[in-house]
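Before any comments, here is the structure.
The values are calculated or read from the model by the stated rules, or taken from the named source; none is laboratory data. Predicted model, so just to flag it, every value in this text is computed and none were measured. Note that each Cβ is placed from the backbone with ideal geometry, even for glycine, and that neighbours are counted across all protein chains shown. In case anyone asks, the SASA skips ligands and DNA or RNA and just uses the protein heavy atoms, side chains included. Shrake-Rupley method; radii C 1.70, N 1.55, O 1.52, S 1.80 Å.
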Amino acid sequence: MRRDRALKLLLAAVLAGLVLWGGLPLRRHRHFGVPIVKGPGVTEVRKLSDYSPGLEGTMADTSVFVLQGREPGGKALIMGNTHSNEPEGMLAALIVIENAVVEKGTLFVIPFFNNSGSRNTRPGDGYPLYFDVATDWGARRFRFGNRDASPLDQWPDPDVYIHYPERQLLSYIDVRNTNRTWPGRAGGPLMERVTFGAMELIRREGVDIAVDVHGAETMFPVTNCIVAPEKSVKIATLASMTVKAAEGFESHVEPSPAGFRGLSHREIGDHSEAMPFLLEAPIPFLDQPTGPKTVRLLLDGKDPFLLSLSKKKKLFVPYDEDGWPLEKRVGQNLSVTLEIFRQFTKRTAARPIDVRGVPRYADVVASGVGRFLADPSKAAPGAVVVN
Amino acid sequence: MTTEILIILAVMVAAYVAAKAARLAVEIAMFAAALAGGLAGSVLGTPPFGELARHLVEGSITYLDVMLVFFTATFFMAVVNESGGVVYAVRATLRVFGRRRVPALLALMVIVLIPGALTGAGSVSLLVVGAPVAMALGRMGLPPKRVAAILFIVAGLSAAAPPVNIWAMILCAGTAIPYVGFEFTLGIPVLILGAFTVLVLGLRKGPGAASGPGELPEPPQGMTWWRVLVPFLVFFGLVAAYRVRPFATPIFGLALEFTLAALAAILISPKRIAVAALARDTVKRLLPLLATTVVVGMLQQIMTATGVRGLVSFAAISTPLVLLFLLLPVIIPFSEGVLTYGAAAILGIPLIWFLDSIGFHATVVIAGLSLLWPLGDGLPPTALIGRLSAMVSGYQGPYRDFLKAAWLPWLVITAAAMAMILFSTKLAFLVKWSM
């Protein structure tokens with residue numbers, strides 16, 4: 001009896017030790033701050049809760065960087081980390097914040113759109129907690145998050161998620177997915193308040209263009225593309241054709257399905273005057289049939305299983321020994337975004353959006369992503385925002 | 001890379017087999033496999049040893065919500081049972097149906113289908129109505145083996161039934177296909193296959209058949225229909241309220257909905273319920289199941305971090321089409337047995353993308369696949385629904401014998417599911433009817 005009790009106590013102590021050893025890194029990840037350097041074009045930093053007060057004081061509140069141009073013009077919103085396991089969107093947004101100078105018009109940039117998701121992990125999927133991007137001055141570390149918000153911030157889930165306002169039934173998990181909760185509600189579940197904040201920003205500021213930057217699996221048919229609803233499709237097509245002709249990479253146009261609700265490329269257009277675009281760059285890390293989910297796979301996008309499947313024509317993008325490295329994905333997102341601005345400006349001369357200083361595809365592929373990330377330790381006092 | 005992953009897989013299998021050979025419980029054997037796989041992975045490079053504990057802890061919470069639902073639903077039914085509600089309901093059912101066997105079986109099938117259809121979890125069906133239905137079937141002369149087989153198949157079908165089918169939802173969420181058009185596409189096959197199952201396994205009477213309540217224990221004095229129904233009305237009322245007025249109803253979640261229903265049952269019970277003791281007993285009874293759920297998450301996490309999961313997915317996707325169709329009736333249930341809902345993401349998502357790209361109708365294929373997955377809930381190592389079916393029906397014999405009793409419905413469901421996949425474009429009218 002006494003031996004049984006001692007054994008149970010020992011097992012409980014081992015378990016407690018394991019939980020501490022394994023649990024503390026998860027806690028540190030949730031509270032890890034990412035420093036963002038305010039670049040030469042940043043004129044103001046707001047919070048999304050300025051547009052959706054229900055976010056104030058929650059982990060879902062996030063920074064909105066405003067880059068006011070020297071001259072008035074059109075307005076654009078760029079969102080990264082809608083899905084926080086697709087970092088090519090967040091890094092593209094960060095490069096804009098830290099490098100862009102706006103000549104005409106105004107940019108609003110939200111690099112961690114689903115801030116709660118970026119502090120979440122994906123239990124069962126064995127993701128790394130962080131990834132480092134090499135720069136000229138050392139490595140810059142980022143949280144690697146999850147597609148969905150943390151249950152610590154929004155819980156419980158319903159048994160089925162009913163989309164507002166269309167009442168379409170969606171998976172229960174989509175109640176925490178900020179690309180299913182558009183257009184959102186002021187008093188809805190937390191992620192609906194996030195998308196509501198963005199909708200309010202778009203409506204109140206008179207945003208013309210909203211670009212939601214993502215990554216998608218190589219086995220997903222809707223990858224390497226610009227998803228656009230009817231109102232955005234002309235600009236998307238022109239941007240797609242131009243980047244292919246001038247910069248040599250493919251990013252075809254996919255129509256936004258009218259019957260699939262809750263997505264940014266559908267609801268932003270239906271609930272505001274803005275033209276939405278959703279960019280998808282191929283990210284092999286997210287594919288199911290890959291080797292271990294390592295930081296290396298995340299960064300270089302090289303995987304032998306995908307290479308083999310590519311030879312069997314089971315991928316939706318060209319794939320060879322070079323994989324789909326981060327610099328290609330980020331560079332592609334940047335070039336397409338800039339091209340959308342240019343095409344919009346050509347068609348709407350009264351509301352020009354002219355952005356300088358942002359590298360394009362060839363620059364990022366040649367020099368790497370880190371080349372365009374600033375060193376927070378060398379930034380001027382007050383020039384760093386921790387998100 | 002493939003060699004390293006195969007070595008890790010071999011180490012995991014060896015650890016599992018060794019633990020089973022040492023007569024350790026299935027949960028301990030699975031934990032041994034996860035730990036050994038993680039250690040082998042660390043030796044071969046990934047995950048780093050320093051992250052092993054994090055992976056195990058993170059994996060252990062993969063199904064935390066499911067575990068909460070298991071506990072609260074079982075506790076709710078334990079309260080109803082303790083208050084005398086179960087025996088009262090069974091006596092009344094047997095009185096009403098008397099000797100009319102076919103309508104009695106079909107009515108019991110519908111009773112099992114409803115909770116699972118509303119929540120997407122066959123386990124909820126079993127935990128909520130499994131015990132009274134098992135008792136009723138027993139009174140109709142069915143041996144526990146056939147009772148367990150009926151409950152296993154029908155509870156599995158209830159999880160696949162509309163409106164909530166979690167496999168289909170995971171696939172739709174992962175493949176960017178709207179979760180619409182499943183009402184008839186899933187509802188019709190589920191009703192036909194469910195009716196087939198209860199009639200095939202339930203029509204033949206066993207030696208102890210009785211037509212009325214007979215010598216069943218008497219319910220406590222003061223028990224009435226209202227006292228039985230109110231807790232269920234609280235639960236289904238809360239589920240229905242969100243469906244009917246989703247933007248005015250707070251999201252309670254299944255765990256709280258079951259807890260509130262249990263609270264109602266405690267308050268109106270004709271006899272005093274020892275809540276703490278009952279909760280402790282419920283945890284004791286559920287411990288093996290909860291432990292399995294924890295360890296399955298750990299196993300999944302280690303399999304992904306080491307690349308074993310990717311290799312399994314790769315092997316399935318790179319199989320030639322004809323061979324793939326021949327193997328699907330085995331691969332899909334087997335994947336569910338190992339990974340539970342995780343299987344839908346690992347195998348299902350790439351499979352749907354691939355079949356969709358070569359002209360199959362994705363919605364019908366998803367419906368077909370989601371008829372196959374519940375069969376795997378009877379397969380080891382997890383066997384969640386199979387074990388629950390045995391538990392609530394009081395079946396004490398060898399596990400494989402009760403599974404064997406379900407062979408004919410299993411084959412028919414497999415044939416129906418494969419027909420839906422192979423002839424998906426011809427069955428697209430079901431999706432149109434549902435829209």
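Count of segment A:351-381 residues, restricted to those that are in a loop (DSSP other than H, G, I, E, B), open to solvent by 60 Å² or more (accessible area, probe 1.4 Å) and in contact (Cβ under 8 Å) with a residue 24 or more places away in the chain, is 2. Scan segment A:332-349 and give yes if some residue there is over 30 Å from A:Gly206 (Cα atoms) and open to solvent by less than 20 Å² (accessible area, probe 1.4 Å), otherwise no. Scanning segment A:332-349 turns up no residue that is over 30 Å from A:Gly206 (Cα atoms) and open to solvent by less than 20 Å² (accessible area, probe 1.4 Å).
Need at least 1 residues that are buried (at least 22 other Cβ atoms within 10 Å of the Cβ) and in contact (Cβ under 8 Å) with a residue 60 or more places away in the chain per element, so show me which strands (runs of 3 or more DSSP E) inside segment A:223-304 make the cut, counting only ones lying wholly within it.
Strands (runs of 3 or more DSSP E) meeting the threshold: A:225-228, A:275-282.
Being farther than 21 Å from B:Ser125 by Cα, away from every other protein chain (no Cβ under 14 Å) and in contact with a Phe, Trp or Tyr (Cβ under 7 Å, 6 or more places away or on another chain) is a property that does not hold for B:Ile317.
Any residue that is surrounded by fewer than 13 Cβ atoms within 10 Å (Cβ to Cβ) and of a type in the set (S, T, N, Q) - is there at least one of those in segment B:405-419? Walk me through it before giving the result.
Step one: filter segment B:405-419 for residues surrounded by fewer than 13 Cβ atoms within 10 Å (Cβ to Cβ), giving B:407, B:411, B:415.
If we keep only those that are of a type in the set (S, T, N, Q) as well, we get none.
So far as segment B:405-419 goes, no, none of its residues is surrounded by fewer than 13 Cβ atoms within 10 Å (Cβ to Cβ) and of a type in the set (S, T, N, Q).
Of all residues in segment A:129-154, those that are surrounded by fewer than 16 Cβ atoms within 10 Å (Cβ to Cβ) and more than 30 Å from A:Lys378 (Cα to Cα) total 1. In the condition set (1) surrounded by fewer than 19 Cβ atoms within 10 Å (Cβ to Cβ); (2) within 14 Å of chain A (Cβ to nearest Cβ); (3) of a type in the set (A, V, I, L, M), B:Ile5 is compliant with all but (1).
Could you go through segment B:56-66 and let me know if any residue there is within 13 Å of chain A (Cβ to nearest Cβ) and over 29 Å from B:Asp281 (Cα atoms).
No - not one qualifying residue is present in segment B:56-66.
Take the conditions (1) within 11 Å of chain B (Cβ to nearest Cβ); (2) under 22 Å from B:Ile170 (Cβ atoms); A:Gly188 misses just one of them, which is (2). If you go through segment B:35-50 and keep only what is at pLDDT 95 or above, open to solvent by 10 Å² or more (accessible area, probe 1.4 Å) and at the interface with chain A (Cβ under 8 Å from one of its Cβ atoms), you end up with nothing. In segment B:178-197, the residues that are touching a residue at least 24 places away in the same chain (Cβ under 8 Å) reach residues that are of a type in the set (D, E, K, R) with C-beta atoms within less than 8 angstrom, at least six apart or across chains, in these pairs: B:Gly181/B:Lys432. Does segment A:157-166 hold any residues that are surrounded by fewer than 22 Cβ atoms within 10 Å (Cβ to Cβ) and more than 7 Å from every other protein chain (Cβ to nearest Cβ), and which are they? Of everything in segment A:157-166, those that are surrounded by fewer than 22 Cβ atoms within 10 Å (Cβ to Cβ) and more than 7 Å from every other protein chain (Cβ to nearest Cβ) turn out to be A:Pro165, A:Glu166. Annotation note: of A:Asp125, A:Asp50, the sole residue that is open to solvent by 20 Å² or more (accessible area, probe 1.4 Å) and at pLDDT below 95 is A:Asp125.
Could you count how many residues in segment B:109-124 are in contact with an Asp or Glu (Cβ under 8 Å, 6 or more places away or on another chain) and open to solvent by 10 Å² or more (accessible area, probe 1.4 Å)? Break it down into steps so the answer makes sense when it comes.
The initial filter retains those residues of segment B:109-124 that are in contact with an Asp or Glu (Cβ under 8 Å, 6 or more places away or on another chain), namely B:118-120, B:122.
Narrowing further to those that are open to solvent by 10 Å² or more (accessible area, probe 1.4 Å): B:118.
Matching residues across segment B:109-124 total 1.
Restricting B:Leu94, B:Leu108, B:Leu68 to those that are touching a Lys or Arg at 6+ places or on another chain (Cβ under 7 Å), in a helix (DSSP H, G or I), of a type in the set (A, V, I, L, M) and within 27 Å of B:Val230 (Cβ to Cβ) reduces the list to B:Leu94.
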